[in-house]
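A.B. asks: Please read through the structure below; I'll follow up with questions.
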Amino acid sequence: MKSRILAGIAVAATAATMLSAPVAAEAPITVNLGAAKWVFDGDRRLDDTWTPWVGLEYAFSDNWAAEVLYAEDDARHLDGSKVDVSTWQVGMLYYAGSYIGGANRVRPYGTFGMGEIDVDGGGYDRETTAHAGGGVRWMMTPRFGARLEARMLHSLDENENDLLFSAGVNYYFGQVQAAAAAEPARAPAAPVDSDGDGVPDDRDQCPGTPPGTRVDANGCPLPVAQVASIKLKVNFDFDSSVVKEQYFTDIRELAEFLKRFDDLQVEVEGHTDSVGPESYNEKLSQSRAKAVVDVLVNQHGIASNRLQPKGYGESRPVASNDTREGRAENRRVMATLEVEYEE
């Protein structure tokens with residue numbers, strides 16, 4: 001038995017060394033060979049044994065193939081006598097996944113079919129079998145791979161079930177490269193865009209756009225974004241919330257800005273210096289902010305719901321409260337607005 005297994009391994013090694021040779025004809029045929037372990041039904045009273053095996057596949061499609069498999073070797077009866085066991089099986093294989101042209105692919109498969117098993121121990125016993133099983137094939141290159149399999153052979157004559165666990169290598173003679181791609185169609189000529197704005201002339205409704213101009217889908221200039229801003233600062237006398245007349249012009253400009261952009265809302269911030277209690281300064285800053293809001297509402301007609309007076313007390317100084325000048329700077333109301341618009 002060992003000599004036959006070694007011979008099978010030698011044949012496999014010889015075949016592996018020939019894999020780099022050019023294939024004269026690419027037929028969808030796979031040659032399989034390797035070693036298998038027989039696990040016999042207990043009623044046969046045979047020791048489990050190893051056997052070489054060889055197989056041949058013919059692929060009908062990417063997933064279906066027909067297979068012929070043959071294995072033969074000696075086994076030992078429990079009484080010590082030698083028994084020659086051989087089998088041939090014909091069946092179908094179904095592979096999952098793509099195969100043609102594929103390398104480094106693991107492809108599980110199932111197998112089923114019919115055949116015979118011959119147990120020759122002096123008398124001759126031939127049994128018809130049905131088999132089923134499954135395995136996995138690893139295509140290491142588009143042509144060369146290895147496979148592991150387990151199948152059960154059921155004797156229709158003796159109602160016995162034998163198992164055959166096999167490992168082997170395979171070589172695929174079929175096509176492994178996709179057919180040459182047809183010559184690509186000539187690309188259509190690029191559409192003419194005379195002014196270079198990205199819109200072809202046949203759709204450009206505004207030809208002659210200056211370079212760098214942002215355009216819409218029709219090639220016409222998009223509105224140019226502009227930014228408008230205004231900043232109001234009103235200073236107050238010590239402990240006062242009366243708006244001095246010198247700031248009326250600045251407040252009017254803020255009102256005109258708000259009328260121009262009539263969807264804007266603004267927070268009017270009131271501030272104080274640090275003289276006096278913090279709670280008092282917070283109320284005083286709120287009164288200062290409210291005084292400026294009243295001018296905007298009563299003298300310029302700005303809706304009160306667009307203006308939010310907010311007193312911050314002494315918490316946000318812009319100058320030092322240690323000097324008279326710094327404290328004067330901190331007694332203030334601020335409003336800052338910035339808006340982006342298109343024209």
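A.B. asks: Need one value: the accessible area of E325 in square angstrom, 1.4 angstrom probe, rounded to the nearest 10.
C.D. replies: E325 exposes around 130 Å² with every protein chain in place.
A.B. asks: Measure of size requested: the Rg and Dmax of segment 257-313, with Cα atoms as the atom set and Å as the unit; please supply both.
C.D. replies: 12.8, 40
A.B. asks: Can you tell me which of 226-236, 206-216 comes out highest on packing, and rank the rest after it, using the mean Cβ neighbours within 10 Å?
C.D. replies: 226-236, 206-216
A.B. asks: At a Cα cut-off below 16 Å, give the aspartates and glutamates reachable from K82, other chains included and same-chain residues fewer than 8 away excluded.
C.D. replies: Counting by Cα, and skipping residues close in sequence, K82 has these aspartates and glutamates nearby: D47, D48, E72, D73, D74, D118, D120, D125.
A.B. asks: Shifting gears a bit: What order do you get for 238-248, 156-166 when each peptide is scored by the mean count of other beta carbon atoms within 10 Å, highest first?
C.D. replies: Peptide ranking by packing, descending: 156-166, 238-248.
A.B. asks: Moving to a separate point now. Based only on Cα atoms, what mean projected area does the convex hull of segment 141-277 have, in nm²?
C.D. replies: If you wrap the Cα atoms of segment 141-277 in a convex hull and average its projections, you get 31.4 nm².
A.B. asks: Which value, to two decimals, describes the C-alpha radius of gyration of segment 225-342 once divided by 2.2 N^0.38 Å?
C.D. replies: Expressed relative to 2.2 N^0.38 Å, the Cα Rg reads 1.08.
A.B. asks: Stokes-Einstein at 20 °C, 1.002 mPa s, Kirkwood radius from Cα pairs: D for the chain in µm² s⁻¹?
C.D. replies: 72
A.B. asks: Now, a different point. Calculated from DSSP H runs of 4 or more alone, at -39500 (n - 2.57) each and per residue, what is the 222 nm mean residue ellipticity of the chain, nearest 500?
C.D. replies: Calculated mean residue ellipticity at 222 nm is -5500 deg cm²/dmol.
A.B. asks: Further, regarding this structure: Using a Förster distance of 35 angstrom, determine the FRET efficiency expected from the C-beta separation of K244 and E342, and round it to 0.05.
C.D. replies: 0.40
A.B. asks: So for segment 132-172, averaging the separation of alpha carbon pairs under 8 Å that are six or more residues apart and normalising by length, what relative contact order in percent results?
C.D. replies: It comes to 39 percent, rounded to a whole number.
A.B. asks: On the full set of protein chains, 1.4 Å probe, figure out the accessible area of K310 and give it in Å² to the nearest 10.
C.D. replies: About 80 Å², ignoring ligands and nucleic acids.
A.B. asks: For segment 29-173, what is the convex hull volume of its Cα atoms per residue in Å³?
C.D. replies: In segment 29-173, the Cα convex hull volume per residue is 85 Å³.
A.B. asks: With every protein chain present, what is the per residue accessible area of the chain (1.4 Å probe, Å²)?
C.D. replies: 56
A.B. asks: Something else about it: State, to one decimal in nm, how far the label point of D118 lies from the label point of M92, with both points 7 Å from Cα in the Cβ direction.
C.D. replies: Between D118 and M92, the label points sit 2.8 nm apart.
A.B. asks: Please list, or write none, the lysines whose alpha carbon is within less than 19 Å of the alpha carbon of K310, excluding same-chain residues fewer than 8 places away.
C.D. replies: Result set, ordered by chain and number: K231, K233, K283, K290.
A.B. asks: Quantify, in whole percent, the carbon and sulfur part of the accessible surface of the chain (1.4 Å probe; protein heavy atoms only).
C.D. replies: 54
The values are calculated or read from the model by the stated rules, or taken from the named source; none is laboratory data. Because the structure is predicted, anything quoted here is derived from the model rather than measured. As a convention, Cβ positions derive from the backbone with ideal geometry for all residues, glycine included, and neighbour counts pool all protein chains shown. Please note that ligands, DNA and RNA were not included when accessible areas were found on the heavy atoms of the full protein model with its side chains. Shrake-Rupley method; radii C 1.70, N 1.55, O 1.52, S 1.80 Å.
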